[in-house]
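Step one of this worksheet: look at the structure below.
The values are calculated or read from the model by the stated rules, or taken from the named source; none is laboratory data. Keep in mind it's a predicted model, so treat the numbers as computed, not measured. We place every Cβ from the backbone using ideal geometry, glycine too, and count neighbours over all the protein chains shown. Ligands, DNA and RNA are stripped out before the accessible areas are found, and what is left, the full protein with its side chains, is counted by its heavy atoms. Shrake-Rupley method; radii C 1.70, N 1.55, O 1.52, S 1.80 Å.
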Amino acid sequence: MTTGTMRSVRYLGPAQSFALRAVAIPEPATGQVRVRVEACGMCRTELHLRDGLLDLGRRDFAVGHEIAGVIEKLGAGVNARRLGERVVVYYYEGCGQCRYCRTGDEQLCPAPLAQPGFTTDGGYAEFMVVRATNCVKVPDDVPLAQIAPMGCAGSTAVHAGKMAGIRPGEWVVVHGTGGVGLALLQYAASCGARTIAIDIGVEKLALAKDLGASVTIDAGKVSDVAADVAAITGEGADVVFELVGLAATMRASMAMLRRRGRLVLVGYTGEEFSVHPVALIVRELVVLASVGSTLQDLHDVVDLVAMGKMKPVVDYTLPLAEFARGLEAVESGGLMGRVVLLVQE
Ligand SMILES: [Zn+2]
Ligand SMILES: [Zn+2]
């Protein structure tokens, strides 16, 4: 059934619960395709939207940006061979004109045409339309429910990893082993780095170890994680990816760097990060920030998955109608990877 209405989980505004509504099935415009969404990963960003921490000014659209599905209708000008292709969706549609779009950094475009799941209709819906070039082909042997979280968790990790410029032999700390953290551990390992995973809980850290972490630290059991990192690495980490975003973890992340180490901020909460400049100056620390990914980063993730160098981690799946239960699980933490909505169920 591809005429009439579909189910869609809508963002209505900050500090409001998402609402499951029946809306019209969208038609693809020139250069676009319509994707029948099979799976959509649940990202913490959905909580940030719901809570008003992230407000890009737009209202009444379907949330969800870790989208995998099948191209089932083509707009004008799209190569007919793409019909029926299994794809994962890149969620930025930049203006195509600015200096960032010209160099592929669409995630920095100041005037994006669309951002599915952030400002325009995303993947908590049975269908969505998107620019054809945003659809990245998924290898036949990779299930769509597995690849869906790579659309954000995986691509965000690869982008942050590239921003940090990880080199072989470096000590890389992944502070927080949610979906992005687990992907980052694997990406850093694929770059030849030695990795330290920090989180709370035996099970989460066992999973990090299974996915290739050289060392794990249970922050719930040690009094000073930075001292542990110093003991393991000799002086401190070359790179720390901060994925938790609490004031205390950000402070600890900075403290565990070696001189000229790189701190990469990726995760955030409502808490602020403050630092006295001298703490940076005397150790020549580098603070980087990384948002989302480029289209190429998503292509790279799909290749890494196909090569067996990146294993998507899905804790469990839920039917679309049970999205609220999934959001609760994301909020309460302790997940072993992503929760993925099976949208057609
Ligand atoms: Zn996300
Ligand atoms: Zn642009």
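Observations
- Hydrodynamic radius (Kirkwood) for segment 156-289, which is based on Cα pairs only, to one decimal in Å: 14.3
- Anisotropy class of segment 134-212 from Cα gyration tensor, a/c 1.5 cut: oblate
- Label-point gap, in nm, between A279 and R325 - each point 7 angstrom along Cα→Cβ: 4.3
- Debye log10 I(q)/I(0) at q = 0.12, 0.23, 0.24 Å⁻¹ for segment 94-185, Cα point scatterers: -0.51, -1.31, -1.32
- Per residue, in Å², the accessible surface of the chain once ligands and nucleic acids are set aside, probe 1.4 Å: 42
- Relative contact order, percent, the chain [alpha-carbon distance under 8 Å, six or more residues apart]: 18
- Computed FRET value (nearest 0.05) for A255 with E27, which takes r as the C-beta separation and R₀ as 45 Å: 0.25
- Listed pairs K137/K204; K137/K162; K73/K162 exceeding 25 Å between Cα atoms: K137/K204; K73/K162
- Expressed to the nearest 5 percent, the antiparallel share of DSSP beta bridges inside the chain is 50 percent.
- Using a cutoff of 8 angstrom between alpha carbon atoms and counting only pairs six or more residues apart, the relative contact order for segment 1-98 works out to 29 percent.
- Estimated D of segment 74-231 in µm² per second, where Rh is the Kirkwood radius over Cα pairs and Stokes-Einstein applies at 10 °C, 1.306 mPa s: 89
- Shape analysis of the chain yields a ratio of the Cα radius of gyration to the Kirkwood radius, Rg/Rh, of 0.97.
- Positive minus negative residues near T5 (Lys, Arg vs Asp, Glu; Cβ under 11 Å): +1
- For segment 288-345, the fraction of 1.4 Å probe accessible surface lying on carbon and sulfur atoms is 54 percent.
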